1. Please pick out the residue among PHE71, PHE60 that is in contact (Cβ under 8 Å) with a residue 40 or more places away in the chain and open to solvent by 50 Å² or more (accessible area, probe 1.4 Å).
2. Can you give me the number of residues within the stretch 29-51 that are touching a residue at least 60 places away in the same chain (Cβ under 8 Å) and either more than 19 Å from ASP165 (Cα to Cα) or polar (S, T, N, Q) (or both)?
3. Cβ contacts < 6 Å: first residue under 26 Å from GLY190 (Cβ atoms) and of a type outside the set (A, V, I, L, M, F, W, C), restricted to the stretch 140-164; second residue open to solvent by 30 Å² or more (accessible area, probe 1.4 Å) and not in a loop (DSSP other than H, G, I, E, B), any location; separation 6+ or different chain. Result?
4. Of all residues in the stretch 140-156, count the ones that are crowded, with 20+ Cβ neighbours inside 10 Å and part of a loop (DSSP other than H, G, I, E, B).
5. When the stretch 197-219 is examined, which residues are found to be open to solvent by less than 80 Å² (accessible area, probe 1.4 Å) and part of a loop (DSSP other than H, G, I, E, B)?
6. Would you mind listing the strands (runs of 3 or more DSSP E) fully within the stretch 1-114 where at least 3 residues are more than 18 Å from GLU221 (Cα to Cα)?
7. Just to be sure I understand, how many residues within the stretch 220-249 are touching a residue at least 60 places away in the same chain (Cβ under 8 Å) and in a strand (DSSP E or B)?
8. Before we move on, is ILE182 part of a helix (DSSP H, G or I) and open to solvent by less than 50 Å² (accessible area, probe 1.4 Å)?
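The values are calculated or read from the model by the stated rules, or taken from the named source; none is laboratory data. If you're wondering where the values come from, they're calculated on a predicted model, not measured in any experiment. Cβ placement follows ideal geometry from the backbone for every residue including glycine, while neighbour counts extend to all protein chains displayed. Surface areas here come from the heavy atoms of the whole protein model, side chains and all, with no ligands, DNA or RNA. Shrake-Rupley method; radii C 1.70, N 1.55, O 1.52, S 1.80 Å.
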Amino acid sequence: MNNVVEIHDLRVEYRSREFGQRSKLAVDGLNLQVHSGEVFGFLGPNGAGKTTTMNVLLGFVNATSGSASIFGVDVREPIARQRIGYLPELTYYYKFLNAQELLRFYARIFRIPRAERDQRIDTVLKLVELDGARRRLIKTYSKGMQQRVGLAQALINNPDLLILDEPTSGLDPVGRMKVREIIQRLKEQGKTVFFSSHELGEVETVCDRVAILHEGKLKVEGRVSDLLQQYQCNLENVFLNIVGYKPQS
């Protein structure tokens, strides 16, 4: 089985800017592999190290030690990111543009030839179910529609790997369902999807495998079905057990 993402002994330490304060260890000895064509859920409470790990993969943050590669290329090499699409948790788009104009802007950034540009825009707008709203200004979009146009821009370069940071954050049940359906379609197309989420019900439904981080350390990793069988409970309760949460009586 081919590995799209490989992380070995990854350690990320942030130095404190305040005199006398200790450095913060965000990721501590992480080892992880993401296989080609799978949907992989990257889970953990706030501050567990999920976004830091993603930022290393995207080249936004340098590792203190260890290594990470994408498609066999060290993430420190810009070429490693040519086959990636990325949706951050907090997105901002020029709201005076419509979806079609926004995607044309990103297509130019990726130097997609003009002959292919319009066809690619048509394809991703249909995938995220915004074809009928392509000429509406983004400022008139609902939160769910803005999230889907974000997915469209992440897909404009036809990437093989999607990295999504909380793609259903703040969405209502219908919006979450639409994003889930899009992720399923991407899997059917052979894409690899690596995403973080706090919506554990969504993760349980759509993911093949998951990893749970806590305080920068990998606590468990495996197929969702295997974890549910091992712990004899749903994924939310698996997560609570792993991070040591005990409900108050």
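1. Going through PHE71, PHE60 in turn, the sole match is PHE71.
2. The qualifying residues number 4.
3. GLN153/TYR106
4. 1
5. Selection gives SER197, GLU199, CYS207, ASP208, GLY216.
6. Output list reads 3-14, 24-35, 65-70, 84-87.
7. Result for the stretch 220-249: 1.
8. Criteria met by ILE182.
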